[in-house]
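Peer 1: I have a structure I would like to understand better, so I am pasting it below and will then ask my questions one at a time.
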Amino acid sequence: MLRASVLLGLGVAFVSWLNLGAKAEAGEIIRFARFRAGQVESYGIVEGDRVRRISGDPFGAWQKTEATFPLADVELLVPVRPSKVLAVGLNYKSHLGDRPTPRVPEIFFKVPSCLVPSGGEIVLPPGSDDVHYEGEMVLVIGKRAKDVPPERAAEYVLGVTCGNDVSARDWQKNDLQWWRAKGSDTFGPCGPFLACGLDYDDLRLTTRVNGQVKQESRTNDLLFGVGAIVSWVSRHVTLEPGDLIYTGTPGRTSALKPGDVVEIELEGVGVLRNRVIAAQAPARSGESPRPR
């Protein structure tokens, strides 16, 4: 009797641990949200226009709770809290122009402090007048990855989300490093949800500015796909759960201006939406900051 009880308990725990994987393998798309309701931050599962709080998190064992909230009434946060944010440059032929095709993925770093959620603002910094959008699919790493072969890379990807690799083109051209061109505050919109169970190698990616389509492609046009990216990065940098990899942008981009609304839509994930504002002028000594 005791043995049966123990086995039953282990079975329940095992099923709970497999909660995410089992549904994803069955073809059901799971969308996780990280959100704040009142003063409480939680993970939840998106169910239509509501989010159901879960105990635990998407990276391990989790269970549904009875608590649900209208999405309109919660504050969406960046879907994960990464230890690092990487990105791939020149990863669509349509974005290469006349430049030669890279032999390996061209990787650069963004900084976690540049991340903003859907609904947050993109701030145009003083000193740059050529800040562009870059709509991208973003990989979310699910478990520690080091020296991963390409054919096993999918095992280490928990899911994907939408990203906007906001870039100051003038700083890219003039600076030796891209630390501010790609990593300035608010230059990493990310969200709204973390989607698991999709075919990451064939998703529609669309960028709109003020409702007008500016970029449209599919992720099967990536020069280096998910396997190649994760394998290459993990040869040199150990990836941790929650780390993000922006996978590159298609086509052409253009400068943003205050008042623009940028939308990045990734099939099966949702729409990342951010408004563009000008930087607040720094206050002089003894003055209060100017209102926007």
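Just so it is clear, none of the values below were taken in a lab; they were calculated from the coordinates. Just so it is clear, the model here is predicted, and its values are computed rather than measured. In this analysis, Cβ positions are derived from the backbone assuming ideal geometry, glycine residues included, and neighbour counts consider all displayed protein chains.
Peer 1: Residue by residue, what Karplus-based ³J(HN,Hα) values in Hz, rounded to whole numbers, does region 253-270 have, using 6.51, -1.76 and 1.60 with θ = phi - 60° and x for Gly and Pro?
Peer 2: Listing the rounded values in order: 10, 8, 6, 9, 9, x, x, 5, 10, 9, 10, 10, 10, 10, 3, x, 9, x Hz.
Peer 1: Mean-square fluctuation check for the chain, GNM, Cα pairs under 10 Å: which of Pro79, Pro58, Pro102 is largest?
Peer 2: The residue with the greatest mean-square fluctuation here is Pro102.
Peer 1: Note the per residue figure in Å³ for the convex hull of the C-alpha positions in region 109-151.
Peer 2: 154
Peer 1: Further, regarding this structure: I'd like the orientation of helix 226-236 relative to the chain: the angle between its Cα long axis and the longest Cα principal axis, in ° from 0 to 90, rounded to 10.
Peer 2: 80
Peer 1: Taking only the alpha carbons of the chain, what extent do you get along each of the three principal axes, in Å, biggest first?
Peer 2: 74, 50, 35
Peer 1: Please return the longest range in the chain lying between exposed loop sites, taking GluC sites (Glu not before Pro), DSSP loop only, at most 12 other beta-carbon atoms within 10 Å, and leaving the sites out.
Peer 2: Here the longest segment lacking exposed loop sites spans 29-286.
Peer 1: To test your reading of the geometry: what angle, between 0 and 90 degrees and rounded to tens, separates the Cα axis of helix 2-17 from the longest principal axis of the chain?
Peer 2: Taking the Cα atoms of the chain, the angle to 2-17 is about 20 degrees.
Peer 1: Provide, in order from the shortest bin, the percent of all Cα-Cα pairs of region 65-180 in each 5 Å bin, continuing until the bin that contains the maximum pair distance.
Peer 2: 2, 8, 14, 20, 19, 15, 11, 6, 3, 1, 0, 0
Peer 1: Here's another thing I want to ask about it. So what's the back-of-envelope 222 nm ellipticity for the chain, counting only DSSP H runs of four-plus at -39500 (n - 2.57) apiece and dividing by all residues, rounded to 500?
Peer 2: -4500 deg cm²/dmol
Peer 1: Taking the Cα atoms of region 180-292, what is the range of coordinates along each of the three principal axes, in descending order and whole Å?
Peer 2: 55, 36, 24
Peer 1: How big is the dipole moment of the chain about its Cα centre under a simple scheme where the beta carbon of each Lys and Arg is +1, that of each Asp and Glu is -1, and everything else is neutral? Debye, nearest 20, please.
Peer 2: I would put it at about 440 debye.
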